[in-house]
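The structure appears right after this line, and notes come after that.
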Amino acid sequence: MKGKMRKLFAFALAAIMVLAMGITASAADSGKITVKGANPGTYYAYKVFDGTVSENGGMSYIVSGKALTYMNTQANDGEIKEGDTVLFTLVNNGGATYVKVENADAAAAWVQNHINGLIDTTKPDATATTNETNKTAVLENLKYGYYYVMTNTEVAGSAVMLTSVNGDVDINEKHGVPGFDSENPADGKHAENKTYQIGERIKYTIQYSNALNYVNGKLITDYTVEDTLATGIELVPGSVKVYVDNAVSNDNPTGEVDFVVPVTLNNEVTGTITWAKIVENADGTSHLEPIYDAAPSVITIEYEVLVTKDFVAGDEGVKNIVKIGYITEDGESSTPEEEEETVYTGKVEIEKVDGRDPKQYLEGAVFVIQRSTTPEQGSDSITEYMTKTTDAEGKVTIGWTQNIEDENVYKAITDENGKASFEGLKEGRYTLVEIEAPEGYNLLENGEEFDLNAPEEGNDTLTMVYGSTISNNKGTLLPSTGGIGTTIFYVVGGVLVVVAGILLITKKRMSGRD
């Protein structure tokens with residue numbers, strides 16, 4: 001009985017060892033492909049050649065089926081060439097056709113260009129959906145071999161080798177085109193507001209959310225930014241900041257990256273964002289690889305400008321354009337993509353004329369602009385007057401004061417053509433008030449209310465210019481009803497009549513005495 005038990009135990013142990021060896025062998029000849037910087041969607045892996053591992057750990061490839069038939073049509077004396085470059089050598093041995101890859105990069109490109117002749121794209125060996133959090137797609141349980149990986153949205157793909165030494169392979173998504181995302185409202189160039197006063201600061205934000213590591217199979221080494229500021233806005237020194245979304249780390253907690261900005265004499269935000277780094281190889285050589293693994297990345301650029309006196313007031317506005325492009329590892333530059341943003345400041349144009357003769361223009365009328373504001377919720381509104389100040393450097397600032405007697409109150413005086421104007425207002429409701437009339441004319445009793453509006457989403461109305469023709473009448477303005485009115489004239493006239501009557505009676509009496 002004991003003998004039988006020992007034999008049974010030995011058999012079971014042997015079976016377990018065989019099974020374990022089988023599992024080990026099975027695990028040892030498979031691997032996975034991790035696509036880094038994966039685009040949203042599904043990735044497919046197709047085996048082009050089978051891989052066999054020799055005793056010394058070397059890898060040999062065997063071609064069969066559809067791929068063999070196609071490669072035989074492309075081969076000449078057992079070689080497949082691209083020009084003078086040998087890509088593959090085909091050798092028949094023991095009833096199998098072995099493939100030797102002679103030039104890895106050129107061979108991969110050839111596979112990509114001839115993929116429809118090599119594989120059946122309806123039968124992938126593995127599929128994986130992109131994890132959009134870490135932007136990877138993992139294709140698992142792949143037998144050793146030479147694989148082609150592609151997405152459900154592109155015919156182009158990447159040829160990949162799995163070897164006994166490197167069973168797990170990382171590849172970078174090399175397809176797609178970098179650029180602004182037209183479907184993302186946050187992409188492009190944006191200002192915090194649409195309208196500004198002279199002297200205020202504008203904060204611009206540029207977002208470029210499809211910054212890839214590769215384009216057409218080429219590594220991108222740099223992204224270029226060119227933003228030449230328009231007349232009327234002046235760069236605030238030290239305000240330029242550049243961020244890459246996945247550059248946040250312990251060494252770089254804010255995610256802010258280096259951005260070389262030249263001296264701002266030309267009023268530019270122009271520079272280069274480094275996108276690839278040099279990595280030393282074990283044999284003393286080096287190669288370039290992406291800095292940011294989780295592409296597509298989002299590049300964000302922020303900076304501030306000052307609105308100056310040269311800002312073009314009115315409905316034209318000031319348009320500013322940013323251009324973002326890239327440079328590949330072979331030094332080729334792309335045609336930069338452009339995005340623009342227009343901001344505005346308002347103006348008021350006055351024409352002063354005679355009330356009876358509109359062709360007679362009046363000089364010397366003085367106007368101010370006022371507004372009503374509510375400083376805090378529940379507080380009474382206050383009246384403020386537009387001010388204009390100029391500092392020692394000649395920079396102009398528009399502001400507001402509650403004191404009409406303030407020496408900085410912005411006053412517009414009509415010239416010999418009856419013209420006067422104000423510039424530098426943001427959108428809002430205002431009142432145009434005459435505080436001095438031309439000599440010999442009556443002062444206007446009431447101001448003119450007007451609105452300045454910039455276009456908004458869904459509303460293209462643009463009224464950043466208010467024009468008004470204002471007439472004045474000659475003469476003295478008589479007191480209004482309810483005051484002393486014309487009574488004084490009647491009183492004075494009555495007194496004069498009485499005095500005249502007394503004088504007449506006195507004169508007659510004196511004549512009678514004579």
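The values are calculated or read from the model by the stated rules, or taken from the named source; none is laboratory data. Being a predicted model, the structure only gives us computed values, none of them experimental. All Cβ positions, even for glycine, are placed from backbone atoms using ideal geometry, and neighbour counts span all protein chains on display. For accessibility, only protein heavy atoms count, side chains too; no ligands or nucleic acids. Shrake-Rupley method; radii C 1.70, N 1.55, O 1.52, S 1.80 Å.
State which residue is most open to solvent (accessible area, probe 1.4 Å) when the search covers only segment 170-179 and only residues that are part of a loop (DSSP other than H, G, I, E, B) and on the phi < 0 side of the Ramachandran plot.
Val177
Is it true that Asp84 is modelled with pLDDT under 85 and open to solvent by 30 Å² or more (accessible area, probe 1.4 Å)?
Details: modelled with pLDDT under 85: no; open to solvent by 30 Å² or more (accessible area, probe 1.4 Å): yes.
Taking the combined requirement at face value, the residue does not satisfy it.
Within segment 425-437, take every residue that is over 14 Å from Asp451 (Cα atoms) and assigned to a strand (DSSP E or B) and give me the one that is most open to solvent (accessible area, probe 1.4 Å).
Glu436
What pairs come up if the first residue lies in segment 126-141 and is closer than 23 Å to Ser209 by Cα and among the β-branched types (Val, Ile, Thr), the second is open to solvent by 80 Å² or more (accessible area, probe 1.4 Å) and not in a strand (DSSP E or B), and their beta carbons are under 8 Å apart, counting only those six or more places apart or on different chains?
What qualifies is Thr130/Pro40.
Of everything in segment 301-317 that's among the aliphatic types (A, V, I, L, M) and assigned to a loop (DSSP other than H, G, I, E, B), which residue is least open to solvent (accessible area, probe 1.4 Å)?
The selected residue is Ala313.
How many residues are charged (D, E, K, R), in contact (Cβ under 8 Å) with a residue 24 or more places away in the chain and open to solvent by 70 Å² or more (accessible area, probe 1.4 Å) when one looks only at segment 392-424?
Filtering segment 392-424 for residues charged (D, E, K, R) gives 393, 395, 405-407, 411, 415-416, 419, 423.
Right, trim to in contact (Cβ under 8 Å) with a residue 24 or more places away in the chain and you get 395, 411, 415-416, 419, 423.
Of the ones still in play, those that are also open to solvent by 70 Å² or more (accessible area, probe 1.4 Å) are 395, 411, 416, 419.
The total comes to 4.
Could you please find all residues in segment 318-348 being open to solvent by less than 10 Å² (accessible area, probe 1.4 Å) and not β-branched (Val, Ile, Thr)?
Scanning segment 318-348 gives Asn320, Gly325, Gly346.
Any residue at all in segment 374-391 that is under 36 Å from the mean Cα position of the chain (by Cα), surrounded by 13 or more Cβ atoms within 10 Å (Cβ to Cβ), in a loop (DSSP other than H, G, I, E, B) and not hydrophobic (A, V, I, L, M, F, W, C)?
no
Taking the residues in segment 180-233 that are hydroxyl-bearing (Ser, Thr, Tyr) and more than 26 Å from Glu329 (Cα to Cα) as candidates, determine which candidate is surrounded by the fewest Cβ atoms within 10 Å (Cβ to Cβ).
It comes out as Ser182.
Looking at (1) more than 21 Å from Thr151 (Cβ to Cβ); (2) surrounded by fewer than 19 Cβ atoms within 10 Å (Cβ to Cβ), which is the only condition Asp120 fails?
(1)
Among (1) of a type in the set (A, V, I, L, M); (2) open to solvent by less than 60 Å² (accessible area, probe 1.4 Å); (3) not in a strand (DSSP E or B), where does Leu443 come up short?
(2)
If Asn76 passes every condition in (1) in contact with a Gly (Cβ under 7 Å, 6 or more places away or on another chain); (2) surrounded by fewer than 17 Cβ atoms within 10 Å (Cβ to Cβ) but one, which one does it miss?
Of everything listed in (1) in contact with a Gly (Cβ under 7 Å, 6 or more places away or on another chain); (2) surrounded by fewer than 17 Cβ atoms within 10 Å (Cβ to Cβ), Asn76 misses just condition (1).
Out of Val138, Val99, I need the residue that is touching a Lys or Arg at 6+ places or on another chain (Cβ under 9 Å), open to solvent by less than 80 Å² (accessible area, probe 1.4 Å), of a type in the set (Val, Ile, Thr) and part of a strand (DSSP E or B). Which one?
Details: Val99 fails: touching a Lys or Arg at 6+ places or on another chain (Cβ under 9 Å).
One residue alone meets the criteria, Val138.
Name the residue that is nearest to Val177 (Cα to Cα), counting only residues in segment 349-358 that are open to solvent by 70 Å² or more (accessible area, probe 1.4 Å) and either of a type in the set (Lys, Arg) or at pLDDT 95 or above (or both).
Glu349
Which members of segment 20-74 meet the condition of being modelled with pLDDT under 90, under 23 Å from Asn213 (Cβ atoms) and aliphatic (A, V, I, L, M)?
Of everything in segment 20-74, those that are modelled with pLDDT under 90, under 23 Å from Asn213 (Cβ atoms) and aliphatic (A, V, I, L, M) turn out to be Val35, Ala38.
Look at Asn93 and say whether it is surrounded by 14 or more Cβ atoms within 10 Å (Cβ to Cβ) and within 27 Å of Ser54 (Cα to Cα).
So Asn93 does not fit the description; no.
Taking the condition of being over 51 Å from the mean Cα position of the chain (by Cα) and assigned to a helix (DSSP H, G or I), how many residues in segment 74-96 meet it?
The total comes to 0.
Are any residues in segment 357-391 of a type outside the set (D, E, K, R), under 15 Å from Ser421 (Cα atoms) and touching a residue at least 60 places away in the same chain (Cβ under 8 Å), and if so, which ones?
Leu362, Gly364, Ala365, Val366, Phe367, Val368, Ile369, Gln370
Any residue at all in segment 49-61 that's among the aliphatic types (A, V, I, L, M), outside any loop (DSSP other than H, G, I, E, B) and either open to solvent by less than 30 Å² (accessible area, probe 1.4 Å) or in contact with a His (Cβ under 8 Å, 6 or more places away or on another chain) (or both)?
no
Among the numbered criteria (1) modelled with pLDDT of 90 or more; (2) within 30 Å of Glu341 (Cα to Cα); (3) open to solvent by less than 40 Å² (accessible area, probe 1.4 Å), which one does Tyr146 miss?
(2)
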